[in-house]
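Undergrad: Questions regarding the structure given below will be posed in turn.
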Amino acid sequence: QVQLVESGGGLVQPGGSLRLSCAASRVIFTGYTMGWYRQAPGKQRELVATITTGGYTVYADSVKGRFAISRDNAKNTVYLQMNSLKPEDTAVYYCNKIPTGSWGQGTQVTVSS
């Protein structure tokens with residue numbers, strides 16, 4: 001039973017943009033703060049951005065001013081708009097509720113020239 005489906009990743013040049021989407025099951029999405037996480041090779045998974053049900057957002061310092069998280073409560077979907085991408089943003093990106101539950105497969109983002 002798939003509950004989190006991330007999409008929108010790909011290969012992009014430095015300075016480029018991507019928009020990630022995460023479709024969640026209603027039981028996961030409703031009433032929860034949602035977050036985007038990422039895991040680079042050889043590193044621990046880190047929290048990138050969060051958004052409450054009311055739309056309050058918090059960002060990691062490394063992405064502040066470049067990334068924007070949003071959610072569509074009617075569609076049970078959370079988005080991550082990523083601008084001015086850097087090679088160090090390369091990672092598998094995941095979404096999850098907070099506190100976290102089971103993880104989806106994630107979507108690979110590669111920033112390279």
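Undergrad: Taking the condition of being touching a helix residue (DSSP H, G or I) at 6+ places or on another chain (Cβ under 7 Å) and in a strand (DSSP E or B), how many residues in segment 1-57 meet it?
TA: Number of matching residues: 1.
Undergrad: Next up: Please enumerate the residues belonging to segment 75-113 that are among the aromatic types (Phe, Trp, Tyr) and not in a strand (DSSP E or B).
TA: Trp103
Undergrad: Could you pull out the residue among Asp72, Asp61 that is surrounded by fewer than 22 Cβ atoms within 10 Å (Cβ to Cβ), under 23 Å from Val27 (Cβ atoms) and either over 12 Å from the mean Cα position of the chain (by Cα) or without any contact (Cβ under 8 Å) to a residue 24 or more places away in the chain (or both)?
TA: None of the other options fit; the residue is Asp72.
Undergrad: Could you please give the count of residues in segment 58-74 that are touching a strand residue (DSSP E or B) at 6+ places or on another chain (Cβ under 6 Å) and in a loop (DSSP other than H, G, I, E, B)?
TA: Here the count works out to 2.
Undergrad: While we're here: Please specify each residue of segment 4-58 satisfying the condition of being surrounded by fewer than 13 Cβ atoms within 10 Å (Cβ to Cβ), under 13 Å from Thr77 (Cα atoms) and charged (D, E, K, R).
TA: Arg26
Every number here is computed from the coordinates shown, using simple stated rules; none is lab data. Since this is a predicted model, take the numbers as computed values, not measurements. We place every Cβ from the backbone using ideal geometry, glycine too, and count neighbours over all the protein chains shown.
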